[in-house]
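Structure first, commentary second.
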Amino acid sequence: MNITDQEVYHGIVCQKIIKQVEGLGYNSGVKFLSGTSKNSLIIETQAGEQVGLYVKYTKKNYSPWAFSFHREHQEEIKILNELCVEALVAFVCGRDGIPLITYDELKNLLDENFEDSERVSISRKPNGNYWLKGRDGNLKKSVTTSDLGKKIYSKLIKN
């Protein structure tokens, strides 16, 4: 049985999530479930509440990074957001880091009008934060590598 790149990058995201949420004091346990496709995961709390996580990745190790979103990707993320407490999107930027955004932040980058293909670009200066731009806008603030744990932690303790 071969190990796919998708499985490797999902494993990295899960490992980073576990370390960061435990570091923030969350120790109630979570389960990682298969999502609605090979691109997504569902994080489930012991109370049974779910956070959807859509993972995009690139093997490129240096800024800038570009991530394509086909219509079906955006539709899947929207469905995850409707099925779960929230949908989040993780961008694995090679070996550099994993910026994470909420569904609302994604909609600032790519609006509700799903094109056949749209793109999110991410840039980062050495040791800096991530800046995200999309076809329909950009984020007003940067994203840090610690946002991965913080955003998921806030969803887990809120529920």
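The values are calculated or read from the model by the stated rules, or taken from the named source; none is laboratory data. Being a predicted model, the structure only gives us computed values, none of them experimental. Cβ placement follows ideal geometry from the backbone for every residue including glycine, while neighbour counts extend to all protein chains displayed. Just the protein is used for accessible areas: all its heavy atoms, side chains included, with ligands, DNA and RNA removed. Shrake-Rupley method; radii C 1.70, N 1.55, O 1.52, S 1.80 Å.
Observations on the structure shown:
- Some residue of segment 45-58 being touching a residue at least 24 places away in the same chain (Cβ under 8 Å), in contact with a Phe, Trp or Tyr (Cβ under 9 Å, 6 or more places away or on another chain), β-branched (Val, Ile, Thr) and farther than 23 Å from LEU139 by Cα: no
- Residue list for segment 46-84, filter: hydrophobic (A, V, I, L, M, F, W, C) and farther than 19 Å from TYR103 by Cβ: ALA47, TRP65, ALA66
- Residue in segment 35-90 that is surrounded by the most Cβ atoms within 10 Å (Cβ to Cβ), counting only those that are aliphatic (A, V, I, L, M) and part of a loop (DSSP other than H, G, I, E, B): VAL85
- Scanning segment 103-121 for residues that are touching a Gly at 6+ places or on another chain (Cβ under 8 Å), open to solvent by 50 Å² or more (accessible area, probe 1.4 Å) and of a type in the set (Asp, Glu) yields a single hit, ASP111.
- Near pairs, Cβ below 9 angstrom, 6+ apart or cross-chain, from segment 141-155 (closer than 16 Å to ASP104 by Cβ and in a helix (DSSP H, G or I)) to any residue that is of a type in the set (Phe, Trp, Tyr) and modelled with pLDDT under 80: ILE152/TYR26
- Residue within segment 103-114 that is under 18 Å from THR145 (Cβ atoms), touching a residue at least 24 places away in the same chain (Cβ under 8 Å) and assigned to a strand (DSSP E or B) present: no
- Some residue of segment 36-53 being polar (S, T, N, Q), touching a His at 6+ places or on another chain (Cβ under 8 Å), at pLDDT 80 or above and closer than 20 Å to LEU148 by Cβ: yes
- The residue that is surrounded by the fewest Cβ atoms within 10 Å (Cβ to Cβ), counting only those in segment 122-140 that are in a strand (DSSP E or B) and touching a helix residue (DSSP H, G or I) at 6+ places or on another chain (Cβ under 9 Å), is ASN138.
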